[in-house]
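Visitor: I have a structure here, written as structure tokens, and I will follow up with some questions on it.
The values are calculated or read from the model by the stated rules, or taken from the named source; none is laboratory data. Model, not experiment: these values are computed from the prediction. Quick reminder, even Gly has a Cβ in these numbers, built from the backbone with ideal geometry, and neighbours come from all protein chains shown.
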């Protein structure tokens, strides 16, 4: 239950946890598939497999046009009013755009090393664009339990299909056939949820002012952000030999649950920000409270991944990708930034231009630094270029948010709490690693350390939940 006088109908922590759970299952499934395939198939084919997913991720975000994020920015009534204003020409244009993106992805698969036929790749994209939009629409109506069930069923099919390929009982083409079946069922189920919600909500709100402007900047920002996240892998997937690309991919892979955690918290913040009784002062405090909680989760994971990195690659990847450990260390330097949502307030205030500007400048800075740092450090320089530009972008957004809220930038952050968290978690995990490495085997160090960190994270969540009741 919310605390007396709380400005929201349900707690922010509860909403974040629900959204995190919905997105957790597919992410966990992809991690399981990644580990299975990296250990069981040749690096050449593993590199081709990950190259497809990089290309698909970029095409998917481009095809979605920012609609999933836009929906979570407004209330249900406002979204309904906006959707009712769209004409048949708008819908036909959206379908044509999705098909164009699908054709682009299909053409990218015309390669001797392509694992999936082009038509399968195109159809997988066409099915999953409306899935993303309908899922966001269901979250807007707080249909968390139903969406979590659909998400979990799809994740189970994803794991099953990759398990059958790992054995191997099926080839990559039949693996994709199973994913197409799962995506089709997911689309039907989410469509049913959307129809129930559409009929239940009366048209009482007006179309919010500036929604088309914000939509444009939301779409541009998401495209730029996905390009920033994947542009190095996207380019290198075409330039590097597949085996070398596999090495770079594993070394610079995003820790999957951290973006997921930040995305869930950001979606929850947007859902609560637009409730009328919340003041700007309360929104800043809500953002800082969320950052405090995220710090208790992000910082232990950061120190665990940095300190246990060699054991992680040795045990999980069976020492097949040990050369990627230095890349992983460099790319991990952005993890502390996951403890804060730098764009939530800007998005709530409709400052799409600032978000887009920061994203474009971020991408340009990374691209400018890539070549000279590559000449100096090799592939590690490419990873470092994106670390530097990510920290710069965080500062850019924080400065503009502070100006918008008319406070000092330091007042936007729980700095004292973060310092205590960094010192305590960092010192404790460093001591733990040194003790374990002295007495246990490589596998023993990793699994004992993992158990301790998971227990620590569970304790943090339990304590936060108790404080939120």
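Visitor: Only one residue in 148, 155 is more than 24 Å from residue 47 (Cα to Cα), part of a helix (DSSP H, G or I) and in contact with a helix residue (DSSP H, G or I) (Cβ under 8 Å, 6 or more places away or on another chain), so which one is that?
Guide: Numbers: 155 fails: more than 24 Å from residue 47 (Cα to Cα).
When all the criteria are applied, what remains is 148.
Visitor: Regarding residue 416, is this residue modelled with pLDDT of 90 or more and more than 16 Å from residue 288 (Cα to Cα)? Spell out the reasoning first.
Guide: Working: modelled with pLDDT of 90 or more: yes; more than 16 Å from residue 288 (Cα to Cα): no.
Taking the combined requirement at face value, the residue does not satisfy it.
Visitor: Out of the residues in segment 146-155 that are more than 18 Å from the chain's Cα centre (by Cα) and touching a residue at least 40 places away in the same chain (Cβ under 8 Å), which is surrounded by the most Cβ atoms within 10 Å (Cβ to Cβ)? Please lay out each step first, then the result.
Guide: The first filter runs over segment 146-155 and keeps only residues more than 18 Å from the chain's Cα centre (by Cα), leaving 146, 149-150, 153.
Those still in the list that are touching a residue at least 40 places away in the same chain (Cβ under 8 Å) too: 146, 150.
On the way: 146: 16, 150: 24.
Step by step, filter segment 146-155, then rank; the result is 150.
Visitor: Can you tell me which residue is nearest to residue 175 (Cα to Cα) among those in segment 1-27 that are touching a helix residue (DSSP H, G or I) at 6+ places or on another chain (Cβ under 7 Å) and either outside any helix (DSSP H, G or I) or modelled with pLDDT of 85 or more (or both)? Outline the logic, then answer.
Guide: If we filter segment 1-27 for residues that are touching a helix residue (DSSP H, G or I) at 6+ places or on another chain (Cβ under 7 Å), which is where we start, we get 7-8, 11-13, 15-16, 18-27.
Those still in the list that are either outside any helix (DSSP H, G or I) or modelled with pLDDT of 85 or more (or both) too: 7-8, 11.
Details: 7: 47, 8: 44, 11: 40 Å.
Step by step, filter segment 1-27, then rank; the result is 11.
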